[in-house]
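The values are calculated or read from the model by the stated rules, or taken from the named source; none is laboratory data. Since this is a predicted model, take the numbers as computed values, not measurements. For neighbour counting, all protein chains shown are included, and Cβ atoms are generated from backbone atoms with ideal geometry for every residue, glycine included. Each accessible area value is taken on the protein alone, full model and side chains, heavy atoms only, with ligands, DNA and RNA left out. Shrake-Rupley method; radii C 1.70, N 1.55, O 1.52, S 1.80 Å.
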Amino acid sequence: MNNNLFKNAIALTGGISTGKSTVCNLLKLHGFLIIDADKIAHKLLDINAKKIEEMFGKQYVQDGKVLRKELGKIIFSNEENKLKLEALLHPLIKEEIIKEAKICEEQNKPYFIDIPLFFEKMHYPISKSIVVYTPKDLQVERLQKRDNISKEEALLKISNQMDIEKKKELSTYVIDNSYNLKHLQDEVEKLIGEII
């Protein structure tokens, strides 16, 4: 793959409920372009609703839309289902990201690709990465609150991803989201100062 394709790209990652979306919104306010792998995945799920129905059953699709919450239940708790879904979606997501990256590259300035599984799965030749970091206990707490789930469920979802401490070591930059929004805004501004 052509490495020039992602010359100005910075991968943005983190753990579930560490605050990636908030960081993306703050970066957008500063005028940065963001490619969102999750958004692309959601769009592709619906485009491939028929295939999802064939693979997993009719109960996961309604009116041509995939019932993501329902599908999530059998994906998070079953490795085989998870791999089946990834085999379908990941190549399609990659194709779409490459398409959008070509457009972003024309501006010849840094832009961000929000890839939740950047370190786990998606093999992109992107040299710089940012991790939005929250210590695990806080991550669990936020996820419980956000999804209204038990501590056990939150831990199960988090255990599906690489440990946040490990991601922190692997990344080029770290945005610390252990405090409040004001602190997070300062962290984002500090980062922008480093990359421009």
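Within the range 64-80, does at least one residue satisfy the condition of being of a type in the set (S, T, N, Q) and over 16 Å from Ala11 (Cα atoms)? So that I can check it myself, show each step before the final result.
The first filter runs over the range 64-80 and keeps only residues of a type in the set (S, T, N, Q), leaving 77-78.
From what is left, the residues that are over 16 Å from Ala11 (Cα atoms) are 77-78.
Yes: one or more hits.
Checking each residue in the range 1-13 for being under 17 Å from the mean Cα position of the chain (by Cα) and either hydroxyl-bearing (Ser, Thr, Tyr) or open to solvent by 70 Å² or more (accessible area, probe 1.4 Å) (or both) picks out only Thr13.
Comparison of Lys58, Lys69 shows that the only residue that is free of Cβ contacts under 8 Å to residues at least 24 places away in the same chain, basic (Lys, Arg) and either in contact with a helix residue (DSSP H, G or I) (Cβ under 6 Å, 6 or more places away or on another chain) or closer than 24 Å to Asn148 by Cβ (or both) is Lys69. Screening the range 14-47 for residues that are open to solvent by less than 20 Å² (accessible area, probe 1.4 Å), in contact with a Ser or Thr (Cβ under 9 Å, 6 or more places away or on another chain) and not hydroxyl-bearing (Ser, Thr, Tyr) and picking the one that is farthest from Glu86 (Cα to Cα) gives Gly19. Note on the range 48-86: residues that are open to solvent by 100 Å² or more (accessible area, probe 1.4 Å) and either touching a Leu at 6+ places or on another chain (Cβ under 6 Å) or within 20 Å of Leu117 (Cβ to Cβ) (or both) amount to 5.
None of Asn180, Asn148 is over 17 Å from the mean Cα position of the chain (by Cα), exposed (fewer than 15 other Cβ atoms within 10 Å of the Cβ) and over 23 Å from Leu27 (Cα atoms) except Asn148.
Consider Asp163 carefully, then state whether it is out of contact with any Ser or Thr (no Cβ under 9 Å at 6 or more places or on another chain), over 27 Å from Ile93 (Cβ atoms), surrounded by 12 or more Cβ atoms within 10 Å (Cβ to Cβ) and acidic (Asp, Glu). Against the criterion (out of contact with any Ser or Thr (no Cβ under 9 Å at 6 or more places or on another chain), over 27 Å from Ile93 (Cβ atoms), surrounded by 12 or more Cβ atoms within 10 Å (Cβ to Cβ) and acidic (Asp, Glu)), Asp163 does not qualify. Scan the range 14-38 for residues that are over 20 Å from His183 (Cβ atoms) and either within 13 Å of the chain's Cα centre (by Cα) or among the aliphatic types (A, V, I, L, M) (or both) and jot them down. Once the filter is applied, which keeps residues that are over 20 Å from His183 (Cβ atoms) and either within 13 Å of the chain's Cα centre (by Cα) or among the aliphatic types (A, V, I, L, M) (or both), the range 14-38 yields Ile16, Leu33, Ile34, Ile35, Asp36, Ala37, Asp38. All conditions in (1) free of Cβ contacts under 8 Å to residues at least 24 places away in the same chain; (2) buried (at least 17 other Cβ atoms within 10 Å of the Cβ); (3) out of contact with any Phe, Trp or Tyr (no Cβ under 8 Å at 6 or more places or on another chain) hold for Phe119, with the sole exception of (1). Count, please, the residues in the range 101-110 that happen to be outside any loop (DSSP other than H, G, I, E, B) and open to solvent by less than 50 Å² (accessible area, probe 1.4 Å). Qualifying residue count, the range 101-110: 3.
Considering (1) in contact with a strand residue (DSSP E or B) (Cβ under 8 Å, 6 or more places away or on another chain); (2) loosely packed, with under 14 Cβ neighbours inside 10 Å, the lone condition that Lys190 does not fulfil carries the number (1).
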